[in-house]
Each structure stands twice: as C-alpha cells, then as structure tokens.
Amino acid sequence: MKKRSVIVSIVVFAAVLGISAYAYNALSANARPENDLAVAAGQGEVAGSGENSESEKTKAPDFTMLDAAGNEVKLSDLFGQPIVLNFWASWCPPCKTEMPEFDKVYKESGGDVRFMMIDLADGWQETKEKGLKYAEDQGFSFPVYFDTRQEGAYMYGIQAIPTTIFIDGDGYIVTAAQGAIDEKTLLKGIDLIK
C-alpha cells in the first residue's frame with residue numbers, strides 16, 4: 001500500500017512539474033520585450049501598418065487622471081499630439097524593466113510625442129506617494145499621472161501591466177502592446193503614430 005501511494009505521489013508531482021513548466025514557457029513568451037505590436041482596427045486586433053480607414057479607426061476612450069500635483073487631467077484634452085499611454089505600477093517587475101527605456105526615448109523625443117505614464121494607484125497595493133517616490137528615486141524625467149479611480153484601467157480593459165497604447169494626434173488608437181517592451185518596439189510604435 002505504501003509503495004503504491006509513493007508511486008502515485010511521484011506521478012502527481014511529475015505531472016504538476018510538467019504543467020508548471022508548460023505554463024511558465026507559455027506565459028513568459030507573452031512577456032518578452034520582443035513582442036510585436038498589434039494594430040487596433042475596429043473590434044479586433046490585426047497586425048498591420050497602422051493605416052486604417054476612418055471607419056475602421058477606434059477613438060481612444062477618454063478618462064480623467066491626476067497629475068503629480070493632484071490636478072485632474074482629461075486624456076481628450078491632450079489630443080492633437082501623438083500619445084504614448086503606458087499603464088504601470090511601482091511593484092510590477094516588468095514595468096520596472098521597461099521604464100528606463102521609456103525615459104530614454106522620452107528625453108530623445110524632444111516633445112514630439114506626449115508620454116502619459118499612468119500609475120495604477122489603487123490606494124492599497126499602489127499609492128500616489130509610492131509611485132512618485134519610485135519615479136523620483138529612479139530619476140525619471142517623464143511625467144507621471146495617476147489613475148486613482150481605476151477609470152483608465154476600466155476604459156482600456158487593462159488586465160495586465162505594463163500595457164502600452166499608442167494614440168495618434170487625432171485621438172485614435174493605432175496600436176498597443178501588453179507586457180514589457182524594449183526600446184526598439186517603443187520606437188516602432190511611435191513611428192506608427194507620427
């Protein structure tokens with residue numbers, strides 16, 4: 001009896017290890033920086049050049065966030081210039097890996113593109129104070145905004161962070177990337193919205 005339960009335990013343990021390895025590989029493939037961008041068109045996402053007809057374009061959902069000083073800012077008030085909209089949190093390791101590259105590209109963009117680095121400050125796991133301290137400690141120069149009511153997260157259906165959305169100057173979503181992206185992918189997205 002003992003021998004049989006030991007064998008069953010070993011088989012179950014091996015199965016759990018196999019499933020875990022498969023799940024890890026499947027999930028980590030989605031979080032690699034070399035992920036490509038998906039161009040939003042209508043209801044679905046398709047890979048493409050970002051040149052959609054007017055009827056296929058998706059207007060970027062509007063929401064209100066707070067700036068570092070606590071002032072309300074509406075996304076729609078910033079339309080007129082290409083926008084890189086990035087949802088993040090200071091506790092998120094993949095967010096931390098991509099942020100130095102976002103800051104580098106922000107500095108090099110010379111103001112041609114507006115960076116909206118949206119901290120998902122839920123007031124529990126992430127607070128405005130934690131997000132500000134993290135950005136200051138890292139010496140980031142891009143502006144940080146706060147989604148304290150999770151309005152932006154809801155409007156954009158954010159299910160995982162980081163998530164980056166590229167919005168053209170007319171306020172239409174051109175492409176998006178879920179998971180950490182590298183500088184090359186960030187620049188590719190920016191090229192699509194310029």
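Read-outs: derived from the displayed coordinates by stated rules, not from any lab. Not measured: the values here are computed from a predicted model. Here the Cβ is made from the backbone with ideal geometry for all residues, glycine too, and neighbour counts use every protein chain on show.
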task: Enumerate by residue number the chymotrypsin sites (Phe, Trp or Tyr not before Pro) in region 108-194 meeting two conditions: DSSP loop (anything except H, G, I, E, B), and at most 10 other Cβ atoms within 10 Å of the site's Cβ.
output: Trp124
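Assuming 0.36 nm per residue, please report the length gained on full extension of the stretch Asp137 to Asp122 beyond their Cα-Cα distance.
3.3 nm
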message: With the crude spin-label approximation of a point 7 Å out along Cα→Cβ, what separation in nm comes out for Lys104 versus Glu129?
response: 3.4 nm
